[in-house]
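What follows is a short report on a single structure.
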Amino acid sequence: MAAPRRDHRGIVDAAELLAQVRFRRREPAEPLRPYLEHYWLIDWDLTRPYASHVVPHPSVNVVFQRFAGQEPFAEVAGIGLELFTQKLEGRGRVCGIQFRPGGFRPFVPGRPVSDWTGRRVRFPEVPLDADPHAVLGPDDEDARVAALDAFLLGLAPRPDPQADLAMTLVDRIRADRTIRRVGDFARAEGMSVRVLQRLFAGYVGVGPKWVVLRYRIHEALERAETDRDVDWATLAADLGYADQAHLVRDFTATVGVPPTAYAQGAV
């Protein structure tokens, strides 16, 4: 069994989430890894309700869910543009598939990924076929991962050079803090801003500027989680903001509280 991944970037108050639920990340089968970030598995058995909060990644997710008192269901969750909140209570289970930004399109090639942005659409309203019971039913974690592998391999994703390009470009944005302006980035990649924006709309689901800003907020959130004495002015400069005020504005709009308050535990 592959070791669980421990990067909790994007989760608001990750320590509290991990105290409330069993949260794991698992690797998919080898042929699927070019398209996927990971699988994510959550199980809970709570005596009182708990609300989880996530600053979404620029990724499409396919999510199989079973909540107390409800029939299991599956849905495509497009890129969330706002803070995502999920109330958990009783017993439940979720098995999710997080695609790499740009990696979902080969599985549903007939539609631009921007069609899913900001939306959560249940099966069978989407052109995917899976039995939620087959994924969520097994108590054995390896069996659930095998069911997710079987589901995706059965879709036979089609090779797409444009998807490969989109994934590569997003990886560069995620890794390189010096990428700050879309025009400069487009020129460095040998394309026009319009071509870059069209590629991102079709294969990522949001524009390149949105991706830049979202990864910078993830970085700020991670720093606030791990360092209670962050120098916010220095971090703002490191992340490419014109000044600290712009970082505070974006962080507050996304997370709901200013970064200094968040770092002090006011979430």
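Quick note: the coordinates plus some simple rules give every number you see, no bench work behind them. Note that this is a predicted model, so its numbers are computed, not measured. Cβ atoms come from the backbone with ideal geometry, glycine included; neighbour counts cover every protein chain shown.
Over region 161-263, all Cα pairs binned in 10 Å intervals from 0 give whole-percent P(r) values of 15, 45, 27, 13, 1, listed from short to long. Would you please state which residues of region 46-64 a label at E82 would reach in this model, taking the label point 7 Å out along Cα→Cβ and a backbone N cut-off of under 15 Å? The answer is 53-56.
Along the axis of the charge dipole computed for region 14-154 (Cβ charges of +1 for Lys and Arg, -1 for Asp and Glu, origin at the Cα centre), the listed residues P109, L136, A29 are led at the positive end by P109.
Both radii are taken from the alpha-carbon atoms of the chain; with Rh as the Kirkwood radius, Rg/Rh is 0.96.
Placing +1 on each Lys and Arg Cβ and -1 on each Asp and Glu Cβ, with no other charges, gives region 161-263 a dipole about its Cα centre of roughly 500 debye.
Think of each Lys and Arg Cβ as +1 and each Asp and Glu Cβ as -1; about the Cα centre, that makes the dipole of region 4-93 roughly 260 debye. A helix-only calculation puts the chain at -11500 deg cm²/dmol for mean residue ellipticity at 222 nm, using -39500 (n - 2.57) for each DSSP H run of at least four residues, averaged over all residues. Put +1 on the Cβ of each Lys and Arg and -1 on the Cβ of each Asp and Glu in region 161-263; which of G205, T234, I173 then has its Cα farthest toward the positive end of the dipole? Of the candidates, G205 comes out farthest on the positive side.
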